[in-house]
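Some notes on the structure that comes next.
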Amino acid sequence: MRLIAMQCKAEMLRIFRNPYYVFWSLLMPILFYFIFTRVVNTGADDVSEWQAHYLMSMAAFSVMGSAIMTLGIRLVQERTQGWNTFIRITPLPSSVYFAGKMFGQTLMHLFSVLCIFVAGYLINGVALTPGQWVLSGLWILAGSLPFLALGTLVGFMKRVDTASGFSNVLYMGLAVAGGMWMPLEILPKVMQQIGHWLPSYNYGEGAWKIVGGGYPQWSNILILLGYLAVFMLLSVYIRKKQEAV
């Protein structure tokens with residue numbers, strides 16, 4: 001446990017020093033939230049409902065970006081700089097190293113969610129029941145697993161600049177097509193049909209259902225689990241292929 005705690009602490013310090021995390025996972029979601037709930041007139045019938053809905057969108061957007069970009073780019077950096085090779089010749093077990101990395105990343109996700117929830121309360125006075133705050137936060141944390149697996153796929157890329165550009169496009173594409181920036185209903189019909197099957201939409205919809213007084217649907221859970229399984233299988237396959245080479 002001591003080894004995992006120390007590795008987790010090291011990972012958290014590294015994430016805090018990462019400009020990608022600070023900008024994409026904290027500053028940008030809070031700025032978007034302020035603009036689309038205080039500056040832009042969206043014409044929502046129920047303003048308070050829209051403010052709570054968009055708060056969940058930005059919390060999910062933040063965590064998704066951290067999982068894909070922060071984790072993925074860091075994995076590429078570690079491999080290209082020889083850090084993975086160095087870890088193999090130390091007494092630190094690879095399982096402890098990986099567990100510390102995932103646990104540290106999850107703690108940073110929790111920190112992001114708390115910061116954005118506090119921002120929503122301070123900016124718009126978003127009022128949810130204690131159960132809704134807790135359940136939506138837990139959903140956002142648990143639902144990030146497929147995106148962590150996607151981040152590991154990004155981490156197999158050979159160049160940092162390639163991983164940075166690809167993860168940026170992937171992150172933004174999933175956010176827009178998944179209805180996190182704007183309601184899916186205002187997008188073209190074809191994009192709506194595609195969007196309902198994306199992990200980003202089902203991730204966001206689970207949180208939207210909670211603040212709307214309901215619960216995530218089984219379809220949301222099953223689709224996210226399906227993406228998690230696919231991304232994990234791809235990760236195992238690519239890792240074995242790279243090790244064989």
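Which residue out of 237, 215, 227 is closer than 18 Å to residue 75 by Cβ, aromatic (Phe, Trp, Tyr) and open to solvent by 30 Å² or more (accessible area, probe 1.4 Å)?
Details: 215 fails: closer than 18 Å to residue 75 by Cβ; 227 fails: closer than 18 Å to residue 75 by Cβ.
The unique qualifying residue is 237.
Take the residues of the range 72-118 that are among the aromatic types (Phe, Trp, Tyr) and at pLDDT below 75: which is least open to solvent (accessible area, probe 1.4 Å)? Give the derivation first.
Taking the range 72-118 and keeping what is among the aromatic types (Phe, Trp, Tyr), we get 83, 86, 97-98, 103, 111, 117.
With at pLDDT below 75 added as a condition, the list becomes 83, 86, 97-98.
On the way: 83: 102, 86: 100, 97: 25, 98: 110 Å².
My answer is 97.
Among the residues that make up the range 161-171, is at least one of them open to solvent by 60 Å² or more (accessible area, probe 1.4 Å) and either in contact with a helix residue (DSSP H, G or I) (Cβ under 9 Å, 6 or more places away or on another chain) or touching a residue at least 60 places away in the same chain (Cβ under 8 Å) (or both)?
Taking the range 161-171 and keeping what is open to solvent by 60 Å² or more (accessible area, probe 1.4 Å), we get 161-162, 166, 169.
Then drop every residue that is not either in contact with a helix residue (DSSP H, G or I) (Cβ under 9 Å, 6 or more places away or on another chain) or touching a residue at least 60 places away in the same chain (Cβ under 8 Å) (or both), which leaves 162, 166.
Yes; the residues of the range 161-171 include at least one that is open to solvent by 60 Å² or more (accessible area, probe 1.4 Å) and either in contact with a helix residue (DSSP H, G or I) (Cβ under 9 Å, 6 or more places away or on another chain) or touching a residue at least 60 places away in the same chain (Cβ under 8 Å) (or both).
All but one of (1) surrounded by fewer than 22 Cβ atoms within 10 Å (Cβ to Cβ); (2) farther than 12 Å from residue 55 by Cβ hold for residue 139, so report the exception by its number.
If we test residue 139 against (1) surrounded by fewer than 22 Cβ atoms within 10 Å (Cβ to Cβ); (2) farther than 12 Å from residue 55 by Cβ, just (1) comes out false.
Filter the range 46-69 down to residues that are free of Cβ contacts under 8 Å to residues at least 12 places away in the same chain and part of a helix (DSSP H, G or I), then give me how many there are. Let's see the steps before the verdict.
Here is the first cut: in the range 46-69, the ones free of Cβ contacts under 8 Å to residues at least 12 places away in the same chain are 46-47.
Going one step further and asking which of them are part of a helix (DSSP H, G or I), we end up with 47.
So the answer is 1.
Name the one entry in 219, 200, 235 that is within 19 Å of the chain's Cα centre (by Cα), hydroxyl-bearing (Ser, Thr, Tyr), under 24 Å from residue 55 (Cβ atoms) and in a helix (DSSP H, G or I). Full working, then the answer.
Numbers: 219 fails: within 19 Å of the chain's Cα centre (by Cα); 235 fails: under 24 Å from residue 55 (Cβ atoms).
That would be 200, the only listed residue that is within 19 Å of the chain's Cα centre (by Cα), hydroxyl-bearing (Ser, Thr, Tyr), under 24 Å from residue 55 (Cβ atoms) and in a helix (DSSP H, G or I).
Suppose the filter is out of contact with any Gly (no Cβ under 9 Å at 6 or more places or on another chain), surrounded by fewer than 20 Cβ atoms within 10 Å (Cβ to Cβ) and in a helix (DSSP H, G or I); does residue 131 pass it?
Values: out of contact with any Gly (no Cβ under 9 Å at 6 or more places or on another chain): yes; surrounded by fewer than 20 Cβ atoms within 10 Å (Cβ to Cβ): yes; in a helix (DSSP H, G or I): yes.
Yes; evaluated as a whole, the condition is true for this residue.
Taking the options 206, 179, name whichever one is in contact (Cβ under 8 Å) with a residue 60 or more places away in the chain and either open to solvent by 30 Å² or more (accessible area, probe 1.4 Å) or not in a helix (DSSP H, G or I) (or both).
That would be 179, the only listed residue that is in contact (Cβ under 8 Å) with a residue 60 or more places away in the chain and either open to solvent by 30 Å² or more (accessible area, probe 1.4 Å) or not in a helix (DSSP H, G or I) (or both).
Are any residues in the range 33-43 open to solvent by 40 Å² or more (accessible area, probe 1.4 Å) and either in a helix (DSSP H, G or I) or of a type in the set (Gly, Ala, Ser) (or both), and if so, which ones? Working first, answer last.
Within the range 33-43, the subset open to solvent by 40 Å² or more (accessible area, probe 1.4 Å) is 34-36, 38-43.
Once the filter is applied, which keeps residues that are open to solvent by 40 Å² or more (accessible area, probe 1.4 Å) and either in a helix (DSSP H, G or I) or of a type in the set (Gly, Ala, Ser) (or both), the range 33-43 yields 34, 35, 36, 38, 39, 43.
In the range 184-195, what count of residues is obtained for those that are within 22 Å of residue 42 (Cα to Cα) and either open to solvent by 70 Å² or more (accessible area, probe 1.4 Å) or outside any helix (DSSP H, G or I) (or both)? Break it down stepwise before answering.
Looking only at the range 184-195, we keep the residues that are within 22 Å of residue 42 (Cα to Cα), and these are 184-189, 191-192, 195.
From what is left, the residues that are either open to solvent by 70 Å² or more (accessible area, probe 1.4 Å) or outside any helix (DSSP H, G or I) (or both) are 185-189, 191.
Number satisfying all stated conditions: 6.
The values are calculated or read from the model by the stated rules, or taken from the named source; none is laboratory data. Everything quoted here is computed from the prediction, not taken from an experiment. Note that we place each Cβ from the backbone using ideal geometry, even for glycine, and neighbour counts take in every protein chain shown. Just the protein is used for accessible areas: all its heavy atoms, side chains included, with ligands, DNA and RNA removed. Shrake-Rupley method; radii C 1.70, N 1.55, O 1.52, S 1.80 Å.
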